[in-house]
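Colleague: Have a look at the structure that comes next, please.
The values are calculated or read from the model by the stated rules, or taken from the named source; none is laboratory data. The structure displayed is predicted, hence computed values, not measured ones. Here the Cβ positions follow ideal geometry from the backbone for every residue, glycine too, while neighbour counts run over all protein chains shown. Surface areas here come from the heavy atoms of the whole protein model, side chains and all, with no ligands, DNA or RNA. Shrake-Rupley method; radii C 1.70, N 1.55, O 1.52, S 1.80 Å.
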Amino acid sequence: MPSTTTPTEEFNNVLEAEVKRLKQRRSEAGQNQGNPAKDAVGLALSGGGIRSATFNLGLLQAMWRFNVLNQVDYLSTVSGGGYIGSSLTWFMSKLKKEFPFGTQRKDYKKLGGRVLTWLRAHGNYLMPGDGLGLWALISAILTGILLNLVILIPFFLFLFLVLSEKLGVSPPFFGFIEFFYKYSLSKTTTLFAWLQALGLVMIGLFLVAALVFALTTRFESFRGVLRQRWMRQRAGRMLMYGVLFTMGGSIPIIHDYLDAKMFGWIQWAMSGISFSGVISMLGALRGRKQGNEAKGLRSFFLSLGLALLVFGLFLWLYHLTDGYALKWLWLFVAIPVWYLLASIADINHVSMHRFYRNRLMAAFMPHSIEGAETDIKEADYCLLKEIPQTQAPYHIICTNIQTVGSKVARLRVRGGDSFIFSPLYCGAESTRYIRTENYIGGNMNLATAFAISGAAVDPNTYITRSRPLTFLMTLLNIRLGYWIRNPGKPALTGSLLRPMWTYYMLTEMLGSGLNEKRWNIHLSDGGHFENLGLYELLRRRCRCIIVSDATADAGWKFNDLGRCIEMARVDFGTMVSLKTEPMIPVGEDRISKQAFVFGEITYDNGDSGYLVYIKTALIDDLPEVILGYHRLNDAFPDQSTADQFFDERQFEAYRELGFQIGKKLFENADGKKLCGWIKRQKTESQKRESKEADSQKTPSQETS
């Protein structure tokens with residue numbers, strides 16, 4: 001198989017290259033170079049869609065106003081934080097501008113004001129524009145669904161045609177199956193019948209295994225944990241495959257029974273689908289109540305309803321292959337169309353990912369603002385490797401590599417690993433890292449990277465890991481994820497070696513093949529792994545980290561913060577301590593005492609650092625533009641992430657809240673001390689670097 005091999009590297013190599021880049025950034029900003037390996041400052045912008053983008057826009061304005069942003073070395077973004085973070089990178093790095101968003105009212109006629117006007121007008125970024133109407137959005141959705149069905153339906157039809165072919169030999173238990181259903185099953189002498197017989201055999205073997213396991217517990221040699229684990233694993237697989245094969249083999253039996261005995265197929269198919277939908281709705285309603293018991297019931301009813309829906313779909317597909325004299329001829333038409341699409345079409349461009357990516361690019365990487373005009377191709381092809389280093393922070397875009405099928409227990413349980421895109425390197429610890437200039441031919445661009453980071457709707461995530469739900473989402477192409485080459489694998493060459501669409505869709509449906517070892521990996525929203533952007537900054541042992549948490553957290557559970565602290569302790573040996581109680585709102589107006597708190601970081605090598613944690617919270621002395629909107633919308637500032645359609649007033653409420661909180665933070669005595677401490681650290685590091693360099697000089701070097 002033709003391939004080209006590009007070496008991957010460990011994280012230490014990544015960090016070494018980044019440190020050189022950060023020194024360059026500090027020089028561009030007119031600062032002491034210091035030692036970024038010891039005194040780096042990081043800013044993390046969390047996920048949260050357009051809510052996070054607008055809140056963090058205001059925070060960035062405040063940080064620039066108070067001379068804090070130019071002290072930041074790393075910018076780590078996730079999902080919605082990446083919208084505005086990438087916009088900052090686009091303007092400051094690509095267009096060679098300083099700060100693009102303006103910080104004062106008098107900027108409204110300048111470039112900053114024009115950029116803000118553009119962003120404000122595109123808060124409803126998912127709605128079509130630029131010549132695209134509502135029907136273009138509907139067309140994009142339907143195109144993705146229909147093309148996906150054209151790819152997948154022929155596969156299932158072909159499978160059912162093969163299974164429904166009559167055989168001359170009846171399977172074992174044939175008489176028992178007929179007696180069990182009390183129905184003449186002339187069509188059961190097919191592979192469907194053999195499949196069901198195999199399922200019954202597997203269930204029988206499971207029962208035998210259970211009996212054998214019980215008997216062997218009498219003997220000491222069979223009580224060891226490894227032997228019992230081996231037996232449990234085999235018994236579980238036999239039961240799982242037994243149930244699946246039995247249910248799959250029953251499709252023609254149930255189909256014929258409904259069609260012959262129950263007044264026709266169509267009516268009962270609709271009834272079955274409706275019934276499953278009702279169960280799903282009941283489960284969702286039950287899930288609104290609090291408590292683990294309610295959550296368990298919701299999960300059960302939802303899974304059962306979705307499973308019935310999938311089974312009803314399989315009955316319908318079987319119905320299409322049953323009783324048609326020309327079914328094979330029809331299939332001969334479908335197969336060429338399927339092969340043509342599956343081998344030529346790009347799965348990432350036909351799904352809703354591309355539409356989503358283009359809408360984000362149009363909103364946050366504009367090319368037609370007065371004073372910042374560029375060709376649209378410059379935004380479309382703004383390659384990560386070509387982003388020059390200016391005084392802008394070095395940008396790390398965080399995504400999630402799906403690993404629900406990994407053999408590594410930690411990756412399988414978490415369901416993912418942190419996969420980054422940056423100007424220098426791309427990759428994850430589980431795949432190793434590759435230089436961006438060498439990854440996929442150096443063609444990864446900024447717009448695609450931050451769209452992947454925001455791919456919130458995708459199968460096989462921690463909220464969509466239900467098998468029936470994953471099946472339906474994949475079948476209907478309800479997905480924003482992205483298939484891309486594994487950095488640890490060589491690049492394939494040759495047009496005939498393009499990966500097959502059907503294979504990837506089936507992999508997503510089943511989930512078992514999603515891991516860090518496969519040739520092509522599946523990436524989704526960075527929030528599916530860690531939603532703050534803090535994880536990668538702790539990996540780099542930043543001396544000071546500012547975290548802006550703009551996720552929806554109406555219950556004030558601080559779940560994203562707690563999850564990241566736990567993973568950092570487990571993965572890096574890093575301890576983070578802070579108290580969030582002052583941030584929890586009180587009273588009918590839900591006013592918090594503080595919208596930010598200070599914490600401490602202790603790294604595994606003994607180094608210490610500071611954490612500033614910021615939250616979207618209502619505090620005292622906020623302007624009317626914020627309070628007025630809150631009175632009309634009680635859920636503000638924790639409106640659902642599902643709301644990605646901001647009008648002007650909603651946009652301004654979140655932006656102004658971010659600005660006011662940032663203003664109070666950096667006017668605060670502790671905030672001023674922090675800024676002074678950051679500057680001193682860099683100066684002291686610079687002095688230490690100079691002393692170390694002088695001490696290493698030889699006498700001849702000093703003389704010369």
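Colleague: Net charge within 10 Å of K664 by Cβ-Cβ distance, Lys/Arg positive one each and Asp/Glu negative one each, not counting K664 itself? Kindly include the intermediate steps, with their values, before the conclusion.
Modeller: Details: positive: K663; negative: D620, D621, E667.
My count for the surroundings of K664 gives -2.
Colleague: Once R0 is set to 22 Å, what does the formula 1/(1 + (r/R0)^6) return for the Cβ-Cβ distance between H349 and E648, expressed as a FRET efficiency to the nearest 0.05? Could you put the intermediate results ahead of the total?
Modeller: Values: r = 32 Å, r/R0 = 1.47.
So the FRET efficiency works out to roughly 0.10.
Colleague: Sticking with this one: Could you work out how much longer the chain between V333 and K96 gets when fully extended? Use 0.36 nm per residue separation minus the Cα distance between them, nm to one decimal. Intermediate results must be reported in sequence, preceding the final value.
Modeller: Working: separation 237, 0.36 × 237 = 85.32 nm, distance 5.48 nm.
Length gained between V333 and K96: 79.8 nm.
Colleague: Test of understanding: what is the full-extension gain from E684 to F314, defined as 0.36 nm times their sequence separation minus their Cα-Cα distance?
Modeller: Numbers: separation 370, 0.36 × 370 = 133.20 nm, distance 6.87 nm.
Extra length available between E684 and F314 comes to 126.3 nm.
Colleague: Right, something else. Probe of 1.4 angstrom, ligands and nucleic acids ignored: what's the accessible area per residue over segment 1-95, in square angstrom?
Modeller: Accessible area per residue, segment 1-95: 28 Å².
Colleague: To continue, here is another question. Whose amide H sits under 5 Å from the amide H of T436, counting only residues 5 or more places off or on another chain, with H placed in the peptide plane?
Modeller: Residues meeting the criterion, in which the H sits 1.01 Å from N, are Y425, C426.
Colleague: Right, next: Could you tell me which of the pairs K97/K663; K615/K663; K109/K664; K110/K377; K23/K663; K557/K663 are separated by over 19 angstrom between their Cα atoms in the structure shown?
Modeller: Working: K97/K663 23 Å; K615/K663 14 Å; K109/K664 26 Å; K110/K377 25 Å; K23/K663 28 Å; K557/K663 25 Å.
In this structure, K97/K663; K109/K664; K110/K377; K23/K663; K557/K663 lie more than 19 Å apart at Cα.
Colleague: Karplus couplings for segment 115-120 from phi (6.51 cos²θ - 1.76 cosθ + 1.60, θ = phi - 60°), rounded to Hz, Gly and Pro as x?
Modeller: Couplings: 5, 4, 4, 4, 5, 5 Hz.
Colleague: Residue by residue, what Karplus-based ³J(HN,Hα) values in Hz, rounded to whole numbers, does segment 659-664 have, using 6.51, -1.76 and 1.60 with θ = phi - 60° and x for Gly and Pro?
Modeller: Whole-Hz 3J(HN,Hα) from phi for segment 659-664: 5, 5, 5, x, 4, 5.
Colleague: Can you send over the carbon and sulfur percentage of the accessible area for segment 543-686, probe radius 1.4 Å, protein chains only?
Modeller: Percent of accessible area from carbon and sulfur atoms in segment 543-686: 48.
Colleague: Related question: How large is ³J(HN,Hα), in whole Hz, for each residue of segment 584-594 in order, when computed from phi with the Karplus curve 6.51 cos²θ - 1.76 cosθ + 1.60 and θ = phi - 60°, using x for Gly and Pro?
Modeller: 6, x, 9, x, 5, 7, 6, 9, 9, 5, 9
Colleague: Per 0.36 nm of contour for each residue apart, how much would the distance between V570 and V243 grow if the chain were fully extended, relative to their Cα-Cα spacing?
Modeller: On the way: separation 327, 0.36 × 327 = 117.72 nm, distance 3.77 nm.
Contour length minus Cα-Cα distance gives 113.9 nm.
Colleague: What's the FRET efficiency of S640 with Q233 using the Cβ-Cβ distance as r and R₀ = 45 Å, to the nearest 0.05? All intermediate terms of the calculation are to be shown ahead of the outcome.
Modeller: Working: r = 41 Å, r/R0 = 0.91.
E(calc), rounded to 0.05, equals 0.65.
Colleague: Another question, if that's okay. In terms of Cα to Cα distance under 14 Å, which aspartates and glutamates are near enough to K407, apart from those fewer than 8 places away along the same chain?
Modeller: The qualifying aspartates and glutamates are D417, E516.
Colleague: Another question, if that's okay. Calculate the spin-label point distance for K166 paired with I153, positioning each point 7 Å from the Cα along the beta-carbon direction, and give it in nanometres.
Modeller: Between I153 and K166, the label points sit 2.8 nm apart.
Colleague: Given H placed on each backbone N at 1.01 Å, which residues far from L75 in sequence or on other chains put an amide H within less than 5 Å of it?
Modeller: L43, Y394, H395, I396
Colleague: Starting from segment 353-428, pick out the GluC sites (Glu not before Pro) whose DSSP state is loop and whose Cβ has at most 12 other Cβ atoms within 10 Å.
Modeller: Details: sites: E370, E373, E378, E386; in loops: E370, E373.
Sites meeting the loop and neighbour criteria: E370, E373.
Colleague: Would you mind checking which residues have amide H under 5 Å from F419's amide H? H placed 1.01 Å from N; only 5 or more apart, or other chain.
Modeller: T399, N400, I401
Colleague: Starting from the Cα of V408, step 7 Å along the direction of its Cβ; do the same at Q104; then give the gap between the two resulting points in nm.
Modeller: Here the answer is 5.1 nm between the modelled labels.
Colleague: Would you mind computing, in nm to one decimal, how far apart the modelled labels at I141 and N443 are, each placed 7 Å from Cα along Cα→Cβ?
Modeller: 3.1
Colleague: With a Förster radius of 51 Å, plug the Cβ-Cβ distance of L476 and T117 into 1/(1 + (r/R0)^6) and report the FRET value to the nearest 0.05. Before the final figure, lay out the partial values.
Modeller: Values: r = 38 Å, r/R0 = 0.74.
Result of the calculation: an efficiency of 0.85.
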